[in-house]
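Notes to accompany the following structure.
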Amino acid sequence: MNFKEEENSWYSKFLEIYYFKEWRENFLQYNLDKEYHLSGLEFNIRGYCNLSCKYCYMNNFREDLYPSKIDNIEDSLSNVESILNWLLENQYLPDHFEIFGGEAISLDNYKKLFDLLLNFIKQIGFPNRKKNFNISFPLNVIFLKDKEYFDYFIFIQKEFLKYNVIIHFSISLDGKFADPLSRPAKDKNFKYDDEFYAIIADFCNQVPVKPGFHPMVAAENIAVWKENIDWYFEYLKNLYGEKDFKDSLYLLEVRNDNWTPQNLKDLDSFIDHFFEKLIQENLVNDVLFNLTFNFFSQLASYVSRGYGCSIQQTLSIRTGDMAIIPCHRLAYPQFVAANFVKDENNKIIAIKTKMPYLHFAINNDNTKNHLPCINCEIVNICNGPCGGSNFETTGDPFSVSPSVCRMEKAKVKSIIKNLIKYNFYDMFIDKMQEYSLSNNDYGAFTKKKLIEIINIKDEIVKENNNE
Amino acid sequence: MKKISAISLNSSATCNLQCEYCFVPHFKETTKLNNQLRKDILDKTIFDKIINALPKEEITHLGFWGGEPTLNLDAFCQVIDDDFLNCYFPSLDTIFFSSNFSNDYIVKNIELFINKISSLSKKINIEIQASIDGPAFIHNKNRKGSDVNQVIKNFSYIKNKYKNENVNFIVKSTIDNENIKLINNNEELFQSMLAFDNYLYTETGIHYRPTITIPGEHTKEDGIEYAKFTKKALDIGRPYLTELYSLVYSLFTRITKSRHVIYHQTLMSSYAYCSAGNSSVGIDLDGTLNFCQGTFMLNGAEELRIINTQQKEDKITQNIYKKSFAKTEEDKIRLFYVFNNLKSQLTTGKNLTKSFLKILAIDNQLSPVYRQSENMLDILTALVFASKGCQSANLLTTGSWYLTSGASAKLFGNGALENVMSYMIKEEKRNKNEF
């Protein structure tokens with residue numbers, strides 16, 4: 001074998017060990033009661049989008065991540081079909097699918113995409129399987145203004161449910177005050193107004209499996225997040241009721257390297273305000289221990305190897321050119337791991353490596369060993385870095401964006417400050433100490449977390465005394 | 001910003017040879033670039049760029065790289081004098097350059113340069129590396145346009161002429177897998193290599209210590225051949241003929257010396273193969289700051305942007321490495337932040353390398369011992385990551401400073417390292433008995 005053939009060989013072995021072996025077992029044993037923790041498969045269907053979200057990597061680096069020459073939705077969907085056939089042929093069943101973009105844009109294309117997925121589901125024989133299968137679909141709600149899309153997305157979720165398959169619509173919406181700042185539409189005539197938010201609410205009411213919302217807390221919109229969270233609480237309470245609204249909101253802080261000192265002040269102020277609301281709603285326990293809102297759970301939650309996202313549990317495919325990429329945000333040319341190769345009948349016949357090294361490395365990486373993380377006082381309570389953001393900022397996926405570090409530090413400090421302020425700190429520490437006694441990885445990890453939390457608390461007390 | 005005391009300067013964009021393994025491209029464009037460079041040397045623009053890039057007071061070592069650096073030494077001679085040194089390199093201690101010593105023009109330029117430096121008020125050391133790849137069947141084949149006998153004659157002439165000056169001489173020999181295969185399969189050629197070692201030592205006082213090309217695209221088969229070669233060299237009691245022996249010896253020495261802090265997480269700088277990014281950097285033709293000379297020319301003209309053989313078919317261009325260079329002050333801060341991380345992250349680099357070598361072992365691309373023995377895997381990992389690890393080559397072959405392509409693992413991990421370890425253990429026992 002020459003060097004390239006050997007490269008193909010070890011990469012195939014890696015894919016087999018890290019993904020395919022489990023997918024095969026999953027395919028064969030899915031109807032058993034055994035619990036699996038498997039990797040999923042992400043279809044990155046295209047780069048183009050009808051929004052120009054300020055913080056979006058695809059908006060900012062599209063030509064590098066999803067070059068125009070391969071950003072053709074018809075080709076991309078044809079490739080999705082080839083990949084689904086390849087899964088069936090090899091008897092591979094990933095844990096779940098994720099649809100990512102860009103946007104397919106036209107309704108016909110969405111129909112084609114979901115027809116392909118439904119055909120796959122039918123062939124797998126899901127009605128006879130015990131466990132549900134999930135397809136995550138971040139929903140760009142701008143489409144819902146069009147009645148045809150509105151009806152179609154409701155229809156398609158119902159259709160998949162017949163086969164025990166849930167399409168999880170996760171609604172991409174930053175909120176009434178943040179949307180105009182951070183999620184401008186390419187169509188200048190589009191307006192974020194009450195009518196628009198009413199349409200979304202109507203959709204959520206009609207769709208059988210209730211969608212969640214995943215707004216972005218970003219440098220671009222942090223200044224308005226106090227008003228925004230008030231709006232979100234009211235909006236979701238009206239939509240899902242006083243009891244259930246809290247389970248539908250999932251806040252994500254954007255880890256781009258543009259957090260200014262003023263943004264950090266605004267973040268602190270937002271967290272203060274958020275805590276006031278949590279106290280009013282009696283939700284502090286939920287946000288600390290039950291992942292509610294996602295935003296505050298990092299003090300107690302367990303992220304073993306530091307990546308707060310699903311990069312280490314997902315095989316990402318950029319379907320425009322059938323490239324295997326480390327993740328949608330690391331699809332830069334020098335990190336494209338491999339390409340599926342098709343024959344003239346669109347059948348996948350091989351996987352040919354390109355630059356497989358980062359894909360392998362990311363799967364084996366522990367971000368807590370990176371600098372400056374390794375010497376960082378919050379390494380175990382941090383949400384971790386984003387390899388793509390690191391690369392965009394520093395040119396190195398393993399070198400953390402400095403302002404993201406500052407943001408994470410400001411965030412955890414603000415959370416702990418509020419725990420002290422509202423007398424939740426001691427209760428929290430007691431509970432964490434209890435968890436730390438567990439004789440497992442989580443117990444050991446919690447001990448490390450405790451030390452960091454206590455140190456930050458001491459720092460806050462010292463600062464207060466000095467004042 | 002960390003203290004950078006050594007710089008590698010791209011001092012020649014062209015070369016009179018066409019070596020098979022050389023990473024420097026040969027295009028018409030390079031002649032044009034070299035003409036511009038000579039102009040920049042003569043009007044001192046290039047030196048303004050250097051002191052603009054780095055604090056001049058901290059630079060003690062200046063290295064000339066190319067191309068063939070000596071082709072422009074005459075131009076340097078026209079500008080170097082005491083005032084020049086005070087102005088641009090007030091702390092300069094040593095000048096280093098490599099040469100192919102292949103013709104009279106080069107020899108004259110070297111003489112001119114040494115004479116010029118010797119005439120300065122301040123005593124400056126000069127280190128000269130001669131590229132001599134081996135006996136004719138290796139050297140003349142690899143270094144097209146050069147004859148080994150002429151090179152040794154020229155080198156000996158300069159070495160003898162300046163033996164009483166502050167000039168040190170070293171020999172750098174590069175061989176490739178084809179050379180190794182040839183030697184393994186032909187006893188006469190092996191004997192001729194030994195004879196060459198004797199000849200070189202007689203003529204220059206320096207032994208023949210061939211090193212393997214990096215990054216290379218070494219395969220398992222190359223590794224098996226290298227193991228055979230290593231065994232032959234060890235069996236006849238000339239371990240220096242195999243680069244691996246000195247790499248392992250040096251690695252163990254470094255580990256032994258730093259054993260009291262072995263668990264410290266930020267030891268990379270003491271394990272690193274070279275000082276690039278730590279105390280030295282490269283400065284390219286246009287003044288851009290590089291990790292080292294290994295990435296020179298990637299930032300040049302469009303024609304030069306096609307890099308390393310693995311990527312040629314895809315025409316991956318310099319554009320994707322745009323953050324691997326620094327021109328502006330902001331770029332420099334970013335790049336030094338990355339270099340600092342890179343040189344301090346023993347754990348990340350080691351862990352990623354080890355995981356990777358495990359996969360190679362599972363895929364039977366390494367000897368079975370690396371599946372069976374964690375200790376051997378650790379040693380191979382350290383060797384690949386820290387001893388023969390070239391981070392610049394990593395960037396070009398894997399897209400990341402941290403990640404190895406596994407080429408040197410396959411070269412050393414298919415018998416050669418086992419052979420060297422056995423030899424060292426026997427050597428250790430022999431020494432103990434003698435003691």
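The values are calculated or read from the model by the stated rules, or taken from the named source; none is laboratory data. Note that this is a predicted model, so its numbers are computed, not measured. In this analysis, Cβ positions are derived from the backbone assuming ideal geometry, glycine residues included, and neighbour counts consider all displayed protein chains.
Side notes on the structure shown:
- The set of residues in segment B:322-354 being surrounded by fewer than 21 Cβ atoms within 10 Å (Cβ to Cβ), at the interface with another protein chain (Cβ under 7 Å from one of its Cβ atoms) and of a type in the set (Val, Ile, Thr) consists of B:Thr347 alone.
- Filter result (basic (Lys, Arg), assigned to a helix (DSSP H, G or I) and away from chain A (no Cβ under 14 Å)) within segment B:187-241: B:Lys228, B:Lys231, B:Lys232
- Checking each residue of segment A:48-59 against the condition of being touching a residue at least 60 places away in the same chain (Cβ under 8 Å), over 30 Å from A:Ala178 (Cβ atoms) and buried (at least 21 other Cβ atoms within 10 Å of the Cβ) gives no match.
- Some residue of segment A:58-66 being within 14 Å of chain B (Cβ to nearest Cβ) and either of a type in the set (Val, Ile, Thr) or out of contact with any helix residue (DSSP H, G or I) (no Cβ under 9 Å at 6 or more places or on another chain) (or both): yes
- Taken together, A:Lys352, A:Lys347 contain a single residue that is modelled with pLDDT of 95 or more, within 14 Å of chain B (Cβ to nearest Cβ) and surrounded by fewer than 23 Cβ atoms within 10 Å (Cβ to Cβ), which is A:Lys352.
Here's the yes/no breakdown for (1) among the hydrophobic types (A, V, I, L, M, F, W, C); (2) at pLDDT below 95; (3) farther than 14 Å from A:Leu118 by Cα:
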residue	(1), (2), (3)
A:Glu159	no, no, no
A:Val165	yes, yes, no
A:Ser170	no, yes, yes
A:Lys176	no, no, yes
A:Leu181	yes, no, yes
A:Lys188	no, yes, yes
A:Lys191	no, yes, yes
A:Glu195	no, no, yes
A:Ala198	yes, no, yes
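- Close pairs (7 angstrom Cβ cut-off, 6 or more residues apart or separate chains): farther than 20 Å from A:Tyr92 by Cα and at the interface with chain B (Cβ under 8 Å from one of its Cβ atoms) in segment A:5-17, assigned to a helix (DSSP H, G or I) and charged (D, E, K, R) anywhere: A:Glu6/B:Lys220
- In segment B:1-29, the qualifying residues are those that are among the β-branched types (Val, Ile, Thr) and in a loop (DSSP other than H, G, I, E, B), and the one that is modelled with the lowest pLDDT is B:Val24.
- Taking first residues from segment A:359-373 that are more than 8 Å from chain B (Cβ to nearest Cβ) and at pLDDT 85 or above and partners that are surrounded by fewer than 21 Cβ atoms within 10 Å (Cβ to Cβ) and outside any loop (DSSP other than H, G, I, E, B), the Cβ contacts under 7 Å between residues at least 6 apart in sequence or on separate chains come to A:Ile362/A:Gln312; A:Asn363/A:Tyr18; A:Asn363/A:Gln312; A:Lys368/A:Ile374.
- Take the conditions (1) in a helix (DSSP H, G or I); (2) surrounded by fewer than 19 Cβ atoms within 10 Å (Cβ to Cβ); (3) modelled with pLDDT under 95; A:His273 misses just one of them, which is (3).
Conditions (1) assigned to a loop (DSSP other than H, G, I, E, B); (2) closer than 16 Å to A:Leu239 by Cβ, marked per residue:
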site	(1), (2)
A:Glu159	no, no
A:His168	no, no
A:Pro180	no, no
A:Lys191	yes, no
A:Ala198	no, yes
A:Cys204	no, yes
A:Lys210	yes, yes
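- Members of segment A:325-344 found to be within 22 Å of A:Gly40 (Cβ to Cβ) and more than 14 Å from every other protein chain (Cβ to nearest Cβ), listed by number: A:Cys327, A:His328, A:Arg329, A:Phe340
- Check on B:Asn375, more than 9 Å from chain A (Cβ to nearest Cβ), assigned to a helix (DSSP H, G or I), free of Cβ contacts under 8 Å to residues at least 24 places away in the same chain and not acidic (Asp, Glu): yes
- Residue ID - modelled with the lowest pLDDT, chosen from residues in segment A:30-62 that are over 17 Å from A:Ala323 (Cβ atoms) and hydroxyl-bearing (Ser, Thr, Tyr): A:Tyr36
- Output for segment B:112-143, where each listed residue is among the charged types (D, E, K, R) and closer than 18 Å to B:Leu62 by Cα: B:Lys116, B:Lys122, B:Lys123, B:Glu127
- Screening A:Asp146 with (1) within 22 Å of A:Arg183 (Cα to Cα); (2) under 25 Å from the mean Cα position of the chain (by Cα) gives one miss only, at (2).
- Which numbered condition B:Asn340 misses (of (1) modelled with pLDDT of 80 or more; (2) in contact with a Phe, Trp or Tyr (Cβ under 9 Å, 6 or more places away or on another chain)): (2)
- Number of positions in segment B:117-146 that are farther than 16 Å from B:Tyr21 by Cα, surrounded by 21 or more Cβ atoms within 10 Å (Cβ to Cβ) and out of contact with any Leu (no Cβ under 9 Å at 6 or more places or on another chain): 3
- Of all the numbered requirements in (1) within 14 Å of chain B (Cβ to nearest Cβ); (2) under 23 Å from A:Glu408 (Cα atoms); (3) assigned to a loop (DSSP other than H, G, I, E, B), A:Gln312 misses one, and that requirement is (3).
- In the set (1) within 17 Å of A:Cys376 (Cβ to Cβ); (2) more than 31 Å from the chain's Cα centre (by Cα), A:Glu467 fails one condition alone, (1).
To keep it simple, each residue is scored yes or no on (1) closer than 29 Å to A:Leu330 by Cα; (2) modelled with pLDDT under 95; (3) buried (at least 16 other Cβ atoms within 10 Å of the Cβ).
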residue: A:Cys376; (1), (2), (3): yes, yes, yes
residue: A:Asn383; (1), (2), (3): yes, yes, yes
residue: A:Cys386; (1), (2), (3): yes, yes, yes
residue: A:Val400; (1), (2), (3): yes, yes, yes
residue: A:Lys411; (1), (2), (3): yes, no, yes
residue: A:Ser414; (1), (2), (3): no, no, yes
residue: A:Leu437; (1), (2), (3): no, yes, no
residue: A:Asn440; (1), (2), (3): no, yes, no
residue: A:Ile451; (1), (2), (3): no, no, no
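- Residue match in segment A:401-424 (condition: closer than 30 Å to A:Glu16 by Cα and either within 23 Å of the chain's Cα centre (by Cα) or within 14 Å of chain B (Cβ to nearest Cβ) (or both)): no
- Within segment B:355-369, considering residues that are assigned to a loop (DSSP other than H, G, I, E, B) and more than 9 Å from chain A (Cβ to nearest Cβ), the one nearest to B:Cys292 (Cα to Cα): B:Leu366
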